[in-house]
Amino acid sequence: MTLLRLEDVHAAYDESQVLTGVSLEIAKGELVTLLGRNGAGKTTTLRTIMGLLTPLSGRISYDGRPITGLVPNRIAKLGVGYVPEERGIFPSLTVSENLMFPSWGRGETGWSLERIFHFFPRLHERASHKGSQLSGGEQQMLAIARILRAKMDLLLLDEPTEGLAPLLVETIGTILKEIKGSGLTVLLVEQNTRFACQVAERHNILYGGKIVHTCSNDEFMRDTEIQHKYLGV
Amino acid sequence: MEPVFLFSQFFNGLVLGCIYVLLSLGLTVVFGTLGVVNFAHGALYMLGAYAAYTVATHLQLNFLACLILCPVIVAVIGMVLEKLLISKLYKLPHYYNLLLTFGLMFIIQDAIKIFFGPEGEPFNIPDLLQGAINLGFMYYPKYRLFILIVTAMLSGGLWLFIEKTRLGAIIRAGTDNAEMADALGTNISWTFTLIFGLGAGLSGLAGVLAAPIQNVQPAMGMDILVQTFVVVIIGGMGSIGGSILAGLVIGQILTFSIVFWPPGSTTLIYAFMALVLVTRPRGFFGRVSFFE
Ligand SMILES: Nc1ncnc2c1ncn2[C@@H]1O[C@H](COP(=O)(O)OP(=O)(O)OP(=O)(O)O)[C@@H](O)[C@H]1O
Ligand SMILES: [Mg+2]
């Protein structure tokens, strides 16, 4: 069953058009990626799904209902969780407050604090620190943890491994598998192709403002030509 | 010069500072969160004073009732203005709202002139707070002491509210990164309305407290607005602690310059502002954006 569907979505910043007809489908429970070179429009796609950018044209539907043009907080309340590239941690909120924030808006809680702190012991230790005092890695952990806490159904993750030490990248990989195991759906934006291949079951390749190729993980790993042509790997 | 005289001037400075603190708190919170430089802030202060006058004189209610009722009235007026007008301009450059609130200031001021006349209204210190109290080392007017206590309690309460409550955390989040707060499921537009109402209510409260010691007249808001901006800028735009400190410092500078050097009393605070800005361009505690 399709959870998220984008049909011919066009989006632009002021003058420059970035998305020129993105079509994409994600089934419930899938973990799929959105791959593409720098500036291909991956972040723009996530922002458009989240309602932070209003598409010029096209349709977006979530769980069978149209969400095109809804404000971000309405989309979040439907169960879409967003972890932006720059993490979006509130510097003047404590770690606990940051962690609880989305569940206040959504009114439902997902993962228990115990489970979250089991995966991210650093967050437990730093619970009363302000967001401004966290390292980049800690911010990333917190950004993911707070989405899990709020019981979202779809996660939009923008380059979660960017700038993280190998050990932490591994943790994020474990978390993603755990998330998938509990039935959540994930749209993952990644530059790290190796990591993407370890966790995802399907890949969507964004090029020239469109999804030019979509394939299973096995196909993608075999097809070095695609990797080379669209991603420059 | 007698120490008692200096002490009483110091207290006068504190009281004046308190009015600035209350006024600048609202202005700075609204700027820090909504990014709106609210020129109508002084007019809301004036509305608070006129609301107190109306409630006390025409409705014959006591001062305590004024103190509770009038800030709420002004807060509601502020929320209506935000919802109907100010919120429509958030997506546009800052100066749109600057011009809008500048216009609102004159509209509110002239509306008051039409209803109440341009002269101003008498407002007496409530009976219970008349006279002076013996502090041991000097006598000091009860009412002024009352302003000090109310401001101290309110500043403490506001700090607790913003730092320790869930709504306070949402307000902080809205200040940090409104877009992210929205994307995480908070209806940020109502939060903004609430914040504007809070700022307006604080301004209204300052108006009620100032009514018995200043003239209740249509231009009172415009007169105090510029000094309030000075306080906010010195304290650091968006900083609560900065506003409190700067408000008290400006109160002292104004009071003591009137005593020791009257000709300089109007310019000294601007010289002080220039000095602060040269050494600390963001004011005392101006916010440094986390990802700056
Ligand atoms: N706020 C903005 N205003 C104008 N143009 C923008 C803005 N944000 C992004 N762009 C442009 O839109 C294009 C797509 O940007 P986007 O951030 O979606 O790329 P991306 O695929 O996420 O890249 P990266 O891998 O570097 O994060 C780029 O050419 C970028 O310069
Ligand atoms: Mg990006």
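A few notes on this one:
- Filter result (open to solvent by 30 Å² or more (accessible area, probe 1.4 Å), within 14 Å of chain B (Cβ to nearest Cβ) and in a helix (DSSP H, G or I)) within the stretch A:98-113: A:MET100, A:TRP104, A:ARG106
- Applying the criterion of being in a loop (DSSP other than H, G, I, E, B) and closer than 16 Å to B:ARG282 by Cβ to the residues of the stretch B:212-252, the residue that is most open to solvent (accessible area, probe 1.4 Å) is B:MET237.
- Residue count for the stretch B:176-191 satisfying the condition of being β-branched (Val, Ile, Thr), in a helix (DSSP H, G or I) and facing another protein chain (nearest Cβ under 7 Å): 1.
- Of the residues examined, A:SER135 is not one that is open to solvent by 20 Å² or more (accessible area, probe 1.4 Å), more than 16 Å from ligand 1 (Cβ to nearest atom), among the hydroxyl-bearing types (Ser, Thr, Tyr) and more than 14 Å from every other protein chain (Cβ to nearest Cβ).
- For the stretch A:196-207, the criterion of being assigned to a helix (DSSP H, G or I), buried (at least 16 other Cβ atoms within 10 Å of the Cβ) and under 14 Å from the mean Cα position of the chain (by Cα) is satisfied by at least one residue.
Here's the yes/no breakdown for (1) on the phi > 0 side of the Ramachandran plot; (2) polar (S, T, N, Q):
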position: A:HIS10; (1), (2): no, no
position: A:SER16; (1), (2): no, yes
position: A:ILE26; (1), (2): no, no
position: A:GLY81; (1), (2): no, no
position: A:GLY88; (1), (2): yes, no
position: A:PRO91; (1), (2): no, no
position: A:MET100; (1), (2): no, no
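- Pairs where the first residue, in the stretch B:54-79, is within 28 Å of B:LEU100 (Cβ to Cβ) and the second is hydroxyl-bearing (Ser, Thr, Tyr), C-beta under 7 Å, 6+ apart: B:VAL74/B:SER203; B:MET79/B:THR193
- Total residues in the stretch A:186-195 satisfying the condition of being farther than 12 Å from A:GLY36 by Cβ, open to solvent by 10 Å² or more (accessible area, probe 1.4 Å) and within 13 Å of ligand 1 (Cβ to nearest atom): the figure is 1.
- Of everything in the stretch A:16-46 that is open to solvent by 20 Å² or more (accessible area, probe 1.4 Å) and near ligand 2 (Cβ under 9 Å from one of its atoms), the residue that is modelled with the highest pLDDT is A:THR43.
- Just one of the listed residues (A:GLU201, A:GLU190) is within 16 Å of ligand 2 (Cβ to nearest atom) and closer than 30 Å to B:GLY185 by Cα, namely A:GLU190.
- Of all residues in the stretch A:39-51, those satisfying the criterion of being over 14 Å from A:GLY209 (Cβ atoms) and either free of Cβ contacts under 8 Å to residues at least 40 places away in the same chain or basic (Lys, Arg) (or both) are A:ARG47, A:GLY51.
- Positions within the stretch A:1-15 being part of a strand (DSSP E or B), away from ligand 1 (no atom under 16 Å from the Cβ) and either loosely packed, with under 13 Cβ neighbours inside 10 Å or hydroxyl-bearing (Ser, Thr, Tyr) (or both), in sequence order: A:THR2
- Answer from A:ILE116, A:ILE89 - the residue that is within 14 Å of another protein chain (Cβ to nearest Cβ) and among the aliphatic types (A, V, I, L, M): A:ILE89
- Condition check for B:LEU194: in a helix (DSSP H, G or I), closer than 30 Å to A:PRO91 by Cβ, in contact with a Leu (Cβ under 9 Å, 6 or more places away or on another chain) and open to solvent by 60 Å² or more (accessible area, probe 1.4 Å): yes
The values are calculated or read from the model by the stated rules, or taken from the named source; none is laboratory data. Note that this is a predicted model, so its numbers are computed, not measured. Glycine gets a Cβ as well: all are built from the backbone with ideal geometry, and neighbour counts include every protein chain shown. In case anyone asks, the SASA skips ligands and DNA or RNA and just uses the protein heavy atoms, side chains included. Shrake-Rupley method; radii C 1.70, N 1.55, O 1.52, S 1.80 Å.
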